[in-house]
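Take a look at the structure below.
The values are calculated or read from the model by the stated rules, or taken from the named source; none is laboratory data. This one's a predicted model, so the numbers in the text were calculated from it and none came from an experiment. Please note: Cβ atoms are built from the backbone with ideal geometry, for glycine as well, and neighbour counts cover all protein chains shown. These area figures cover heavy atoms from the full protein model, side chains too; ligands, DNA and RNA do not enter into them. Shrake-Rupley method; radii C 1.70, N 1.55, O 1.52, S 1.80 Å.
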Amino acid sequence: MKKTFILAAAAFVLAACGSQPKFDGPAYLNPNAPVEERVEDALSRMTLEEKVGMTTAQSKFSSRGVPRLGIPEVWHTDGPHGIRPEVLWDEWDQAGWTNDSCTAFPALINLAATWDKELSLLYGNSIGEEARYRKKDILLGPGVNICRTPYNGRNFEYMGEDPFLAGKMVVPYVQGVQENGVAACVKHYAVNNQEFQRTQSNSVVDDRTLHEIYLPAFKAAVQEGNAWAIMGSYNLYNGQYNCHNKKLLLDILKGDWGFDGVVVSDWGGCRDSEEAILNGLDIEMGTWTNGLSGAASDGYANYHMARPYLEGIKSGKYGTKELDDKCRRILRTIFRTSMRPEPNYGRFVCPEHYQAARDISAAGVVLLKNENNTLPLNVAEGGKILLVGENAVKKMVVGGGSSNLKTAYEVNPLEGIQNAFAGKADVQWVRGYVGDTSTSYNAVSTGQDLTDNRTPEVLIAEAVEAAKDADYVIFVGGLNKSDHQDSEGADRLQLDLPYHQEDVIRALAPVAKNLVVVNISGSPVSMPWADVAGAIVQGWYGGTETGNALADVLTGKINPSGKMPFTVPYKYEDGPIKTERQYPGIKEDGDEYWQTHYDEGIYVGYRWYEAKQIPVQWAFGHGLSYTTFEYGQAKAAKSSMNANGTMTITVDVKNTGNREGAEVVQLYIADSEASIDRPVKELKGFEKITLKPGEKKTVSFTIDADDLSYYDVASQGWKAEKGEFVAHIGTSSADIKTTAAFELK
Ligand code: BGC
């Protein structure tokens with residue numbers, strides 16, 4: 001025994017110090033040398049031209065390495081829901097590969113609706129594996145811009161209306177991606193909350209609002225997730241374009257937050273050489289994205305940070321301090337990714353990723369209403385289920401802008417229900433309404449033909465007739481990923497369902513024995529028809545497995561546990577946006593830009609509705625289950641805490657129904673004695689727990705002074721005021737089950 005131990009120990013010592021062959025090449029090539037040593041060594045060997053070269057694109061999705069030194073180019077890819085199909089070198093057009101159909105993961109709003117940090121890690125890890133397999137170094141995602149207005153076309157690519165939720169969900173995603181040696185590029189930094197005039201609009205935001213609402217998720221991604229890359233957004237903030245915004249990039253991101261990664265411009269987001277050089281942009285991508293026609297010749301050399309930078313240094317206009325900083329960051333990214341020491345080849349379109357996509361999507365489906373236990377579906381042998389609506393069949397991985405994907409396959413809701421009831425029930429589908437019949441985007445086609453020239457009257461009559469003898473009528477509608485729905489480049493135009501869908505729902509209600517409405521969207525949709533439906537489900541763009549995931553929830557194979565990541569008001573006018581100044585912004589005569597004034601300040605989402613006591617259709621955090629939960633009394637561990645201490649709050653939660661289920665226990669904090677205007681309460685903790693019937697668990701939240709603080713403009717820092725705070729614990733922001741008060745000393 002003793003002898004074996006000594007031998008093993010000797011072998012370990014040998015392995016640790018002696019057995020590895022000595023690396024006698026340059027330090028930057030030594031995989032075992034510390035990253036910073038590799039960076040400095042590589043930098044010391046580079047010419048001025050090579051350094052400048054690194055800071056710009058060389059193709060639509062790659063930027064330069066240093067070929068002479070064997071330092072590879074950097075490959076970027078969208079992001080954020082799957083790995084984008086390959087495009088031609090200098091074009092947006094598809095390259096026509098036949099082996100680049102990816103796993104489409106659920107839209108990030110679907111992930112946010114899971115309120116499940118472990119699933120976010122699984123998501124990040126899975127998409128990171130796909131990126132690595134495809135030899136991508138920077139994944140252009142995740143996006144964490146706050147849902148300020150329901151009209152923002154890109155809400156579906158983001159994580160909802162609350163900075164704490166987005167902040168907690170983004171961290172594991174980033175970590176999961178980066179475990180694979182792929183940099184997560186968190187976007188779009190910052191205050192980029194609308195698509196209308198996205199490259200010509202200046203967000204006018206006060207400091208408190210900036211720090212409390214729009215920056216925390218980025219900060220969490222950087223400081224807790226250690227994100228290696230950040231993408232500057234298209235818009236301006238305080239009059240300066242964000243891809244070279246001094247305050248956002250130099251002062252806050254690289255200064256206050258200590259970000260050591262690389263700042264990448266959005267494609268075409270860099271506008272000015274001097275600002276880009278001096279204000280912290282590291283890699284310029286996509287300038288003249290229209291095929292470089294804005295450049296005279298040799299487009300990439302004409303990039304703002306290419307020839308003008310080189311000439312500027314040679315003429316003495318610029319020094320090399322900024323250039324070395326940019327190159328250090330780019331080299332660091334390369335040594336963290338393509339030249340990292342650990343071999344990792346990734347995985348692509350594999351059963352594990354399909355399963356991950358299905359689990360994540362299902363966990364985010366939200367049961368909004370379930371009168372008389374309409375759901376789960378309970379269909380006798382040989383019964384009839386009727387699906388109505390375009391979104392039951394429309395494949396929606398395709399579309400939406402840069403998150404458009406070519407997926408290996410996509411199960412639509414009709415196919416999902418058919419799979420679930422094969423041989424057991426008769427599953428039929430009728431159109432109900434004609435919405436968007438496009439079936440291809442950016443040369444990726446779903447292969448469907450959705451043309452239908454019938455009038456709404458004819459379609460409704462057909463649906464009503466078919467509904468009469470159905471045990472269940474499931475209307476599947478909502479938005480889609482075409483322009484002015486949920487799509488990049490154009491905002492929505494209305495909060496209501498488009499394409500006469502309300503008429504279809506109202507016509508079905510009187511004849512349907514059981515009416516289930518599934519709303520598929522990536523942003524809030526008003527539901528004035530909510531009373532007529534037995535059950536309402538919020539579904540999302542769930543990716544490859546979307547239909548199976550939805551069927552899992554409707555059939556009860558999976559007990560719903562998703563919670564709303566945004567508020568759904570009764571009507572748009574109830575919300576915080578009241579003026580054109582606020583949204584979409586105003587452009588005065590002679591003004592170059594649209595000015596978008598964030599006059600509502602910190603009162604975004606539930607913070608607004610609660611402050612104004614405006615009732616909402618579906619509250620932030622709302623979501624039902626097929627079982628029931630009972631909350632005990634919340635308990636603060638002690639009556640007071642010090643400014644540098646912590647406070648633990650516990651609550652018992654019991655499953656009082658007869659099936660296993662998961663509950664998201666939510667903690668909101670209210671400052672009872674605030675001397676300044678503060679929200680009624682703010683999310684500061686959440687835990688998703690799974691409980692068997694009858695099972696009880698104690699959920700515990702530990703908070704510190706940061707969770708009690710507001711951003712104090714005078715001192716430019718966070719401040720917690722002494723006095724009483726109340727912990728509100730509940731199943732949604734509007735359904736608080738128990739409270740506990742404590743004092744901050
Ligand atoms: C989008 C980014 C995207 C980039 C590259 C831009 O138009 O705003 O989100 O990553 O294109 O496709």
Self-check item: Lone unmet requirement of (1) within 21 Å of C185 (Cα to Cα); (2) in the same structural domain as V182 (by TED's automatic domain parsing); (3) modelled with pLDDT of 95 or more; (4) open to solvent by less than 50 Å² (accessible area, probe 1.4 Å) for Y309
Solution: (1)
Quiz item: Which one of these is over 29 Å from L367 (Cα atoms) and without any contact (Cβ under 8 Å) to a residue 60 or more places away in the chain: I669, I703, I689?
Solution: I703
Quiz item: If the Cβ limit is 9 Å and pairs must be 6+ apart or interchain, which residue in segment 229-249 that is under 15 Å from E274 (Cβ atoms) and part of a helix (DSSP H, G or I) pairs with which residue that is within 16 Å of the ligand (Cβ to nearest atom) and basic (K, R)?
Solution: C243/R271; H244/R271
Exercise. Give segment 709-728 a look and list any residue that's among the hydrophobic types (A, V, I, L, M, F, W, C), open to solvent by less than 20 Å² (accessible area, probe 1.4 Å) and farther than 30 Å from G364 by Cβ, or say none.
Key: F725
Self-check item: The listed residue being of a type outside the set (A, V, I, L, M, F, W, C), surrounded by 20 or more Cβ atoms within 10 Å (Cβ to Cβ) and under 24 Å from P498 (Cα atoms), out of E465, E390, E457
Solution: E390
Quiz item: How many of the residues in segment 179-205 are more than 19 Å from the chain's Cα centre (by Cα), under 16 Å from Q240 (Cβ atoms) and away from the ligand (no atom under 13 Å from the Cβ)?
Solution: 6
Practice problem: Might you let me know whether segment 539-550 holds any residue that is surrounded by 17 or more Cβ atoms within 10 Å (Cβ to Cβ) and under 29 Å from K681 (Cα atoms)? | Solution: yes
Quiz prompt | Subset of segment 469-507 [over 23 Å from K395 (Cβ atoms), of a type in the set (K, R) and part of a loop (DSSP other than H, G, I, E, B)] | solution = none
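Each row is one residue, and each column tells you yes or no for (1) touching a strand residue (DSSP E or B) at 6+ places or on another chain (Cβ under 9 Å); (2) polar (S, T, N, Q).
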{"site": "G239", "(1), (2)": "yes, no"}
{"site": "D266", "(1), (2)": "yes, no"}
{"site": "L278", "(1), (2)": "no, no"}
{"site": "T287", "(1), (2)": "yes, yes"}
{"site": "R307", "(1), (2)": "no, no"}
Quiz prompt | Selection within segment 262-281 - buried (at least 21 other Cβ atoms within 10 Å of the Cβ) and either assigned by TED's automatic domain parsing to the domain that holds G401 or within 16 Å of the ligand (Cβ to nearest atom) (or both) | solution = V262, V263, V264, S265, D266, W267, G269, C270, L281
Exercise. Could you pull out every one of the strands (runs of 3 or more DSSP E) wholly within segment 644-745 that has 2 or more residues that are small (G, A, S)?
Key: 661-671, 723-732, 735-744
Self-check item: Criterion: of a type in the set (A, V, I, L, M), surrounded by fewer than 17 Cβ atoms within 10 Å (Cβ to Cβ) and closer than 25 Å to Y570 by Cβ - qualifying residue of I676, I614
Solution: I614
Exercise. Scan segment 24-39 for residues that are open to solvent by less than 80 Å² (accessible area, probe 1.4 Å) and not in a loop (DSSP other than H, G, I, E, B) and jot them down.
Key: A27, Y28, L29, V35, R38, V39
Self-check item: Only one of V174, V170 that is over 23 Å from S521 (Cβ atoms), crowded, with 24+ Cβ neighbours inside 10 Å and away from the ligand (no atom under 14 Å from the Cβ)
Solution: V174
Exercise. Considering each residue of segment 349-366, count those that are in a loop (DSSP other than H, G, I, E, B), open to solvent by less than 30 Å² (accessible area, probe 1.4 Å) and more than 21 Å from V664 (Cα to Cα), and give that number.
Key: 1
Quiz prompt | From the options N290, N226, N302, residue that is more than 16 Å from the ligand (Cβ to nearest atom), farther than 25 Å from S709 by Cα and open to solvent by 10 Å² or more (accessible area, probe 1.4 Å) | solution = N302
Practice problem: Output the number of residues of segment 457-491 satisfying the condition of being touching a residue at least 40 places away in the same chain (Cβ under 8 Å), away from the ligand (no atom under 16 Å from the Cβ) and not aliphatic (A, V, I, L, M). | Solution: 11
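Residue-wise test of (1) closer than 24 Å to A408 by Cβ; (2) basic (K, R).
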{"position": "T55", "(1), (2)": "no, no"}
{"position": "K60", "(1), (2)": "yes, yes"}
{"position": "R68", "(1), (2)": "no, yes"}
{"position": "P72", "(1), (2)": "no, no"}
{"position": "W75", "(1), (2)": "yes, no"}
{"position": "R84", "(1), (2)": "yes, yes"}
{"position": "W89", "(1), (2)": "no, no"}
{"position": "D93", "(1), (2)": "yes, no"}
Practice problem: Take segment 52-70 and flag every residue that is assigned to a strand (DSSP E or B) and within 17 Å of A229 (Cβ to Cβ). | Solution: T56, A57, S62, S63
Practice problem: Answer yes or no: is there a residue in segment 242-253 that is over 20 Å from I330 (Cα atoms) and surrounded by fewer than 22 Cβ atoms within 10 Å (Cβ to Cβ). | Solution: yes
Quiz item: Is it fair to say K369 is surrounded by 20 or more Cβ atoms within 10 Å (Cβ to Cβ), on the phi < 0 side of the Ramachandran plot and either touching a Ser or Thr at 6+ places or on another chain (Cβ under 7 Å) or free of Cβ contacts under 8 Å to residues at least 24 places away in the same chain (or both)?
Solution: no
Practice problem: Go through segment 152-167 and give me each residue that's surrounded by fewer than 24 Cβ atoms within 10 Å (Cβ to Cβ) and either within 13 Å of the ligand (Cβ to nearest atom) or of a type in the set (F, W, Y) (or both). | Solution: F164
Quiz item: Just for segment 71-81: of the residues that are within 13 Å of the ligand (Cβ to nearest atom) and assigned to a loop (DSSP other than H, G, I, E, B), which one is surrounded by the most Cβ atoms within 10 Å (Cβ to Cβ)?
Solution: H81
Quiz prompt | Near pairs, Cβ below 6 angstrom, 6+ apart or cross-chain, from segment 264-276 (within 19 Å of K321 (Cβ to Cβ)) to any residue that is modelled with pLDDT under 95 and open to solvent by 20 Å² or more (accessible area, probe 1.4 Å) | solution = none
Quiz prompt | Criterion (in the same structural domain as G416 (by TED's automatic domain parsing), open to solvent by 10 Å² or more (accessible area, probe 1.4 Å) and under 30 Å from A392 (Cβ atoms)) met by exactly one of N519, N514 | solution = N514
Quiz prompt | Matching residues, segment 123-135, being surrounded by fewer than 24 Cβ atoms within 10 Å (Cβ to Cβ) and at negative phi | solution = N125, Y133, R134
